[in-house]
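This report refers to the structure that appears directly beneath it.
The values are calculated or read from the model by the stated rules, or taken from the named source; none is laboratory data. Being a predicted model, the structure only gives us computed values, none of them experimental. Using ideal geometry, Cβ is built from the backbone for each residue, glycine included, and neighbour counts are taken over all protein chains shown. Only protein heavy atoms, including side chains, enter the accessible area calculation; ligands, DNA and RNA are left aside. Shrake-Rupley method; radii C 1.70, N 1.55, O 1.52, S 1.80 Å.
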Amino acid sequence: MAGSRSKKSTATPRHFDEVASNAVSFLGRSVEELLEGRLKYSAVFFYQAVELFIKARLLHEHWSLVVSDPARANIDAFEKGDFRSVSLDQAAERLKSVAKDDISTARKAFEPVRRRRNRVIHFHAAEMPGEGTGHPSRAGAQKLDQTSDEVVEIVMEQCVAWFELHMLLTRRWKGMFRDYQGKIEWLDSRMRDVRPYLQARFDRLGSELQSLVAKGVHISECSACGFAANQDSDVFPGMARSRCLVCKRDDRSYQFPC
């Protein structure tokens, strides 16, 4: 189906590029909003970027899969943007059933950013620091970030979600997003700009981390947030668990002798 030269299939490459490019733009904007202290818009743009990247992956299979009801998919309406698109959950289910591409692990990481986006879209998020105060300077945003638990929570959620998305885009889906690898690495560098805002949380964990090391617990660097706060443990022979005390990323891995 993807290799067909029909009108239905020839719509896909152009729309794939449009959706993927928009995803890059939204994620870059999300970082800018966060750095400027506008947390509400950062949360909205970040989730929109995640959803668009997943929809672009679905577009790679066929354009009609992005329509909420494929049975009523109409190429003319699609070309005009006049259609109701799938939710992230629907897209994930279709990837699994149609393309045998299971993104359930990444989907768990996306869930916190989805919940936050829904909350700030539908309700006044009174706990959001910096909202309604205009456009604070970057220095002001940094001061805000150092004292706000809400900022830490947002950065934690976004770092973990980006780690999972980045893994998909640069490994499993690298061939599909080959033309976007440069932009994806640029986004990764932008995400690194927000990771230092977890420093306050890492500093508060100082004594706890020292105590764990004294007890013989292995502590390693977290690949999601970059802090040496991964608490490593063996679940059973051959299976290890790593839980970051800073960003709370929880991962399990299997080790097999070669």
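Mind checking which of Val194, Gly216, His166 is farthest towards the positive end of segment 163-219's charge dipole, using Cβ charges of +1 (Lys, Arg) and -1 (Asp, Glu) about the Cα centre?
Result: His166, furthest along the dipole toward the positive end.
Roughly how many Å² of Asp251 are accessible to a 1.4 Å probe, to the nearest 10?
About 50 Å², rounded to the nearest 10.
Can you give the charge dipole size of segment 140-223 about its Cα centre, rounded to the nearest 20 debye, using +1 on the beta carbon of Lys and Arg and -1 on the beta carbon of Asp and Glu?
Dipole about the Cα centre, nearest 20: 360 debye.
What Kirkwood Rh does segment 157-227 have if only Cα atoms enter the pairwise 1/r average? Answer in Å.
In segment 157-227 this quantity evaluates to 14.0 Å.
Just to verify a number: what accessible area does His122 come out at with the full protein assembly present, 1.4 Å probe, Å² rounded to tens?
That residue has around 120 Å² of solvent-accessible surface.
Would you tell me the accessible area of Arg241, worked out with a 1.4 angstrom probe on the heavy atoms of the protein chains, in Å² to the nearest 10?
Approximately 80 Å² for this residue.
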